[in-house]
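Structure, as structure tokens:
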Amino acid sequence: MGRVLVWLIAATSFLTLAAGPALSEPKHAIAMQGEPALPADYTHFDYVNPDAPKGGSITYCVVGSFDNLNPFILKSLRTTARGMMDTIYGNLVFEPLMQRNYDEPFSLYGLLADSADMDPERKSIEFHLNPNAKWSDGQPVTPEDVLFTYDVFTDKGRPPYSDRMAKIAKLEKTGDRSVRFTFNDKADREFPLIVALTPIIPKHAFDKDSFDKTTLKPVTGSGPYTVAQVVPGQRIVFKRNPDYWGKDVPSKRGFDNFDQITIEYFLNANAKTEAFKKGICAIDDETDPVKRERDLDFPAFRKGDVVAETFDTGIPPVVTGFLFNTRLPKFSNPAVRRALGMLYDFEWANKNLFGGKYSRTMSYWQNSELSALGHPADDREKALLAPYPGRVPANVMDGSWRPPVTDGSGQDRKVLRVAFELLKSEGYTVKDGVMHDPQGNPFGFEILTASQDEERLAAVYQRTLEKIGIEMTIRSLDGDQIQSRKQRFDFEVLIGSSGFNNSLSPGIEQIGRWGSSAARAEGSFNLAGVADPAVDAAIDAMLRARSKEDYVAAVRVLDRLLISGNYMVPMQYNAQQWLAYWNYLEHPQKTPIFGYQLPSWWRKPN
């Protein structure tokens, strides 16, 4: 009897292993670390008004143009119409399997999939589709749609969607409403959440052969809105779908309150501001505090028809600055980039351009526990950096590094002297007032700008650079030209962002921003061309971390490496979000940690 029992146990164990990793019970939500904050019987997110009135219309305004309605293809990557899938205005047309809660660092709740089974080792995940999920044409969302999405994205999509199958060993339909992903060794612990956030498209409404071609024909999605009107390059109008399948799903309750959403395009920021004053645009999100005060001096604001408000957030500020294309020989030396980084006079700019209302950007995760600032490297960090000696200076390792501070006069020679001596130590010389590189060639570069505000900032930098003989020219381009140049990495320096909205849960997107694999991939967001094994190792450690302590250590190492690499000259930030809006709008009382959420706003009933 004992032998039979042993054999049965062994056989059961073998069958379990052969079937793959054991899954947990289906859950309504999944989290990157720990457990989701909201219970299975939650009714809505905490930062919405679940009883917000529906109706009315809103017009958002943006600068630029558009020539495409398919956000998943490389062609016209950055000129797809806003709103199709949008972190600011909402995913109006396309939706993912699960929805992010913006009041948690990284937790996802059911949407197209009402639950998910993820094994403890995160080697596989099975999604159970909501039986009510439908496309805007009334057809049901099926496992075949999920399989088609990954098939067409792999063959015809753009990064990062085109890269996802590389981490998937098997993708299979497991039931009438279920689909299972089994991952290979390339996948990390975050990847199941990335899969859950991948938008799904309908197999019956897209042709794989022509998928990679731009289109202005309204497309079919599962989202709360459909495309009602397209004026190429000028306007796109969305109508709320009265038959939207997800209006009672808890993760969508309190959202999508306008019957109509219009997004108007303008050639420049000044034209957009004037349109706001006339009441064409509902919202103004000007970031320059001096310009805000000047622009708000108009009758509607004085009468109270326009309201200005600031919103506190709990996330690190977006890092903006002068970004170097390190693929070019002139920017390949980190010491040269460090010297150039000393020559942005923040103190003068803050006093003269921003009324002293900004703070200096110094870290890629500033004002959070993920930042290297003020945190000496612990043993975990030292172990991660041990294979890469000398990559991080001592003052960055001990958390004491700060950029040089000028006296704000615009004439502070001590900072100029330090930068000049660093360049001199790298073989640079000044002849007849012109800086020359070690090969004897005049050293200078061009900055691309896309607005008058960027031109002003570039001029501040230009004025300081010329004091030590560096000739910097400014070239202004329109939005389409800038995007095209970015996509081809055809620039020397531009005023760029380190990666859009930074978060308290950085993850796989960091590969696209800083990873070696993205450095030469056309259309990637690694605009600086960073290709550093130490950076790759830090990102890998971050993605594979199992404890919060290991995770924080890995992100701090990445922060130290990015600071030390001097890939961009960080400028300034304001920790608060600012909006001016017409007073026919209302918003929920609570602001989540990621800041205001326009899809939760509504129009006051008449």
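Structural remarks
- One residue alone among Asn130, Asn184 is of a type outside the set (Gly, Ala, Ser), at negative phi, in contact with a strand residue (DSSP E or B) (Cβ under 9 Å, 6 or more places away or on another chain) and touching a residue at least 40 places away in the same chain (Cβ under 8 Å), and that residue is Asn130.
- Note on region 134-188: residues that are hydroxyl-bearing (Ser, Thr, Tyr), under 26 Å from the mean Cα position of the chain (by Cα) and more than 15 Å from Lys203 (Cα to Cα) total 2.
- Condition met for Gln260 (surrounded by fewer than 19 Cβ atoms within 10 Å (Cβ to Cβ), without any contact (Cβ under 8 Å) to a residue 12 or more places away in the chain and either over 26 Å from the mean Cα position of the chain (by Cα) or closer than 30 Å to Pro218 by Cα (or both)): no
- Residue match in region 385-393 (condition: of a type in the set (Gly, Ala, Ser) and without any contact (Cβ under 8 Å) to a residue 24 or more places away in the chain): yes
- On the stretch given as region 407-418, residues that are at negative phi and in contact with a Ser or Thr (Cβ under 9 Å, 6 or more places away or on another chain) total 4.
- Residue, surrounded by the most Cβ atoms within 10 Å (Cβ to Cβ), within region 43-66, restricted to residues that are assigned to a strand (DSSP E or B) and of a type in the set (A, V, I, L, M, F, W, C): Ile58
- From the list Val430, Val434, the lone residue that is in contact with a Pro (Cβ under 6 Å, 6 or more places away or on another chain) and among the aliphatic types (A, V, I, L, M) is Val434.
- Contact annotation: no residue pair with Cβ atoms under 9 Å, 6 or more positions apart or on different chains, pairs a residue in region 48-62 that is assigned by TED's automatic domain parsing to the domain that holds Gln260 with a partner that is part of a loop (DSSP other than H, G, I, E, B).
- Test: residue in region 264-283 that is more than 22 Å from Pro50 (Cα to Cα), in a loop (DSSP other than H, G, I, E, B) and without any contact (Cβ under 8 Å) to a residue 40 or more places away in the chain: yes
- Options Ser332, Ser363; residue that is more than 25 Å from the chain's Cα centre (by Cα) and of a type in the set (Ser, Thr, Tyr): Ser332
- Of everything in region 336-353 that is among the hydrophobic types (A, V, I, L, M, F, W, C) and out of contact with any helix residue (DSSP H, G or I) (no Cβ under 6 Å at 6 or more places or on another chain), the residue that is farthest from Leu423 (Cα to Cα) is Leu353.
- Within this structure, Gly157 fails the test of being of a type in the set (Gly, Ala, Ser), touching a residue at least 24 places away in the same chain (Cβ under 8 Å) and farther than 26 Å from Pro71 by Cα.
- Qualifying residue in region 209-225 (condition: without any contact (Cβ under 8 Å) to a residue 24 or more places away in the chain and in a loop (DSSP other than H, G, I, E, B)): yes
- Selection from region 311-370 of residues that are small (Gly, Ala, Ser), more than 28 Å from His587 (Cβ to Cβ) and touching a residue at least 24 places away in the same chain (Cβ under 8 Å): Gly321, Ala335, Ala339, Gly341, Ala349, Ser363
- Screening Ser547, Ser564 for residues that are out of contact with any helix residue (DSSP H, G or I) (no Cβ under 7 Å at 6 or more places or on another chain), surrounded by fewer than 23 Cβ atoms within 10 Å (Cβ to Cβ) and of a type in the set (S, T, N, Q) leaves exactly one candidate, Ser547.
- Any hit, region 307-329, residues being farther than 29 Å from Gly529 by Cβ, part of a helix (DSSP H, G or I) and of a type outside the set (Ser, Thr, Tyr): no
- Residue within region 568-584 that is in contact with a Lys or Arg (Cβ under 7 Å, 6 or more places away or on another chain), modelled with pLDDT under 95 and not in a strand (DSSP E or B) present: yes
- Considering region 443-536, the qualifying helices (runs of 4 or more DSSP H), each wholly inside and each with 3 or more residues that are surrounded by fewer than 21 Cβ atoms within 10 Å (Cβ to Cβ) and at pLDDT below 90, run over 479-488.
- All positions within region 289-335 that are basic (Lys, Arg) and under 30 Å from Leu422 (Cα atoms): Arg327, Lys330
The values are calculated or read from the model by the stated rules, or taken from the named source; none is laboratory data. Fair warning: this is a prediction, and the values are worked out from it, not measured in the lab. Neighbour counts are summed over all protein chains in view; Cβ atoms, including those assigned to glycine, are modelled from backbone coordinates with ideal geometry.
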